[in-house]
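Heads up: the structure comes next, in structure tokens.
Readers should treat all values here as calculations from the given coordinates under stated rules, not as data from a laboratory. The shown structure was predicted, so the numbers you read here are calculated from the model rather than taken from an experiment. Virtual Cβ from ideal backbone geometry, glycine too; neighbours counted across all protein chains shown.
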């Protein structure tokens, strides 16, 4: 039976890299029933549409969402991010952001292999706060961070379940418990309580500033990292930088309860400066498609795609996609 996939090519290089991801999945023999959705910065500039409740309701009927990239320089910051990306995360309950990192960091000879699990629907991203006396010398801006026991626990538990499936069976909590004493204490207590249920999984704790150093100097210490929304956003870009570049970084926005579709996307952004020039590296989009296939139960095809992405060589967007697709076909 075909998997029902919503495809949001989006802006800039998004449609280009998404097309290559679809081509590679087809080469792997995956039957897809895909529907394109015109969403993103260009759509907003054209008719003011971001993500209507009607379109959101339609998206709920799909098995998964494949996203290219969204955003254009002509749209003010936050409009598309909050109105489209965060709305989908919150409304579809995509509470786990999973980003795998494999590669050889600069200055190292041994490759690393770790995964960051970022809580994806709480923290400062919920938009709690406001502005008083905006534009005056006495302006006040507040930005709250929301952390719930439910939100923290389900994210931490997902990390432990994932670690139990991996060879090293190790989870590191990253936070800033010495300064963020309220949220940090909730995360730490929850982590410790969940860890007691997983005696076969080893644990560690790092302050986020220390983790930034270790990601660069000693990435091999990590197996599964679990952290909050903001720290995870920052750390995963750093993880991409030490794993071959952000252009290779894939991600999964997951609803593990499967009460709605999960969303899969490269994290490199829309790169409007190279859009339409056949210059974008589609590897991150293709690896994101492999994560989607994992989630849909097509693990053998996902493994073949990942293997085919190993050093696909230089070339334009289309030629790299063709190389990977040919390898997948065998």
* Mean residue ellipticity at 222 nm from the helices of the chain, using -39,500 (n - 2.57) per DSSP H segment of n ≥ 4 over the full residue count, to the nearest 500 deg cm²/dmol? -> -11500 deg cm²/dmol
* Asked: Of 173, 92, 32, which is the most mobile in a GNM of the chain whose springs link Cα atoms less than 10 angstrom apart?
  -> 32
* **Along principal axes, Cα extents of the stretch 46-104, largest first, whole Å** => 44, 31, 16
* To do: Work the Kirkwood hydrodynamic radius out for the stretch 185-330: mean of 1/r over every pair of different alpha-carbon atoms, inverted, in Å.
  => 17.5 Å
* Structure fact -> Which of 119, 265, 298 fluctuates most in a GNM of the chain (C-alpha springs under 10 Å)? That residue is 298
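Subtracting the Cα-Cα distance from 0.36 nm times the residue separation, let me have the gained length for residue 164 to residue 258 in nm, one decimal. Before the final figure, lay out the partial values.
Details: separation 94, 0.36 × 94 = 33.84 nm, distance 2.05 nm.
Separation in residues times 0.36 nm, less the Cα-Cα distance, equals 31.8 nm.
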* **Proportion of all alpha-carbon pairs of the stretch 1-111 beyond 18 Å (%)** => 58 percent
* What percentages, rounded to whole numbers, describe P(r) for the chain computed over all alpha carbon pairs with 10 Å bin width beginning at zero? -> 6, 25, 34, 25, 9, 1, 0
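Expressed as a rounded percentage, what relative contact order does the stretch 14-164 have, with Cα pairs under 8 Å and six or more residues apart?
Values: 144 pairs, mean separation 22.9, N = 151.
It rounds to 15 percent for the stretch 14-164.
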* Cα-based convex hull volume of the stretch 174-261 per residue, rounded to whole Å³ -> 129 Å³
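To two decimal places, what compactness ratio does the stretch 42-176 give when its Cα radius of gyration is scaled by 2.2 N^0.38 Å? Could you put the intermediate results ahead of the total?
Numbers: Rg = 19.1 Å, N = 135, 2.2 N^0.38 = 14.2 Å.
Compared with the compact-globule rule of thumb, the stretch 42-176 sits at 1.34.
How long are the semi-axes of the equivalent ellipsoid of the stretch 183-225, defined as square roots of 5 times the Cα gyration tensor eigenvalues? Whole Å, largest first. Don't skip to the answer; put the middle values down first.
Details: eigenvalues 92, 44, 5 Å².
Working through the eigenvalues yields semi-axes of 21, 15, 5 Å.
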* Rounded to the nearest 0.05, what FRET efficiency is calculated for residue 221 and residue 319 with R0 set to 41 Å and r the Cβ-Cβ distance? -> 0.65
* Comparing 74, 200, 228, which has the greatest mean-square fluctuation in the GNM of the chain with Cα pairs linked when under 10 Å apart? -> 74
* Kirkwood Rh, Cα atoms: Rg over Rh of the stretch 128-218 -> 1.13
